[in-house]
1. Counting just the residues of region 30-70 that are part of a loop (DSSP other than H, G, I, E, B) and hydrophobic (A, V, I, L, M, F, W, C), which one comes out surrounded by the fewest Cβ atoms within 10 Å (Cβ to Cβ)?
2. Residues in region 134-157 that are more than 15 Å from the chain's Cα centre (by Cα), within 17 Å of Thr182 (Cα to Cα) and touching a residue at least 40 places away in the same chain (Cβ under 8 Å): how many?
3. Give region 1-29 a look and list any residue that's surrounded by fewer than 23 Cβ atoms within 10 Å (Cβ to Cβ) and of a type in the set (A, V, I, L, M, F, W, C), or say none.
4. Would you be able to say whether some residue in region 149-158 is at pLDDT 95 or above and among the charged types (D, E, K, R)?
5. Surrounded by 15 or more Cβ atoms within 10 Å (Cβ to Cβ) and among the small types (Gly, Ala, Ser): does that describe Ser173?
6. Restricting to region 7-29, name every residue that is of a type in the set (Lys, Arg) and either assigned to a loop (DSSP other than H, G, I, E, B) or more than 7 Å from the ligand (Cβ to nearest atom) (or both).
7. Can you tell me which residue in region 114-134 is farthest from the ligand (Cβ to nearest atom), limited to those that are surrounded by 13 or more Cβ atoms within 10 Å (Cβ to Cβ) and part of a loop (DSSP other than H, G, I, E, B)?
8. Quick check: anything in region 94-109 touching a Cys at 6+ places or on another chain (Cβ under 9 Å) and part of a helix (DSSP H, G or I)?
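The values are calculated or read from the model by the stated rules, or taken from the named source; none is laboratory data. On a predicted model such as this, the values are computed, not experimentally measured, just so you know. We place every Cβ from the backbone using ideal geometry, glycine too, and count neighbours over all the protein chains shown.
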Amino acid sequence: MFISLDGIDGAGKSTQIDLLRTHLESQGKVVACFRDPGSTKLGEAIREILLHREDIPLANTSEMLLYMAARAQLVADQIRPALQAGATVICDRFLLANVVYQGVAGGLDVEELWGVGKCATGGLSPDVTVVLDIDPEIAVTRLQRGPDRLEKRGIEYFRKVRQGFLEQVSRASPYSLVVNATQSIESIQNEIRQFVEGMCGTP
Ligand code: ADP
């Protein structure tokens, strides 16, 4: 099974992925966790450019295609082999984020992005996408580090991102869940577990 967690930075993705991983491993499952962009040599190099190399100017379309290239490598090198080996794959972000950040909020054509995404992933989509939904003004107060290139885009951009996640999530996967991410860490985790376990048919 392939699960993706998404939402704006500070929503709690890493926190929930760690807990879900521990839970699934305690049930005897083999779990492979990745981040998009990242988790391959190419993907990490692209991630560095996208988030931290502000000395390298990026046109909107180049930025979008770099995310797509990182994801193509991630699917080929990591996700497909892990799924073929029978692992449960949990990915911190996937194509949905690209469509929302560069399309809905960034102004690129949303339909085109879903199309380019299909090419980049070879048509692989998560079985389940979980969006952690939170007001960006609350999320930003949770971040302890300085803002990266994306996070400097301002609150209006992030309001569009939040709306974009809600509008587009049902297209990301056959099954999708939106969780109120202002709840306690435990309540959010319980909602995610119940949803995932409902899909596995396990109690
Ligand atoms: P993301 O991966 O989405 O950027 P993190 O999991 O890194 O988010 O969480 C960002 C910060 O918010 C961390 O300090 C984390 O402990 C805290 N946090 C995560 N979930 C919650 C929650 N439900 N309520 C309050 N704080 C949270």
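1. So the first thing to find is which residues in region 30-70 are part of a loop (DSSP other than H, G, I, E, B), and the list is 30, 36-40, 53-59.
Then drop every residue that is not hydrophobic (A, V, I, L, M, F, W, C), which leaves 30, 56, 58-59.
Details: Val30: 12, Ile56: 11, Leu58: 15, Ala59: 8.
If we take residues in region 30-70 being part of a loop (DSSP other than H, G, I, E, B) and hydrophobic (A, V, I, L, M, F, W, C), then Ala59 is surrounded by the fewest Cβ atoms within 10 Å (Cβ to Cβ).
2. Within region 134-157, residues that are more than 15 Å from the chain's Cα centre (by Cα), within 17 Å of Thr182 (Cα to Cα) and touching a residue at least 40 places away in the same chain (Cβ under 8 Å) number 8.
3. Those that are surrounded by fewer than 23 Cβ atoms within 10 Å (Cβ to Cβ) and of a type in the set (A, V, I, L, M, F, W, C): Met1, Phe2, Ile17, Leu19, Leu20, Leu24.
4. Checked region 149-158: no residue is at pLDDT 95 or above and among the charged types (D, E, K, R).
5. Working: surrounded by 15 or more Cβ atoms within 10 Å (Cβ to Cβ): yes; among the small types (Gly, Ala, Ser): yes.
When the stated conditions are applied, Ser173 passes them.
6. Just the residues of region 7-29 that are of a type in the set (Lys, Arg), to begin with: 13, 21, 29.
Passing the criteria: Arg21, Lys29.
7. First, the residues of region 114-134 that are surrounded by 13 or more Cβ atoms within 10 Å (Cβ to Cβ): 114, 116-118, 120-121, 124-134.
Those left that are additionally part of a loop (DSSP other than H, G, I, E, B): 124-127, 134.
On the way: Leu124: 23, Ser125: 21, Pro126: 17, Asp127: 21, Ile134: 9 Å.
Top of the filtered list is Leu124.
8. Restricting attention to region 94-109, the residues satisfying the condition of being touching a Cys at 6+ places or on another chain (Cβ under 9 Å) are none.
No.
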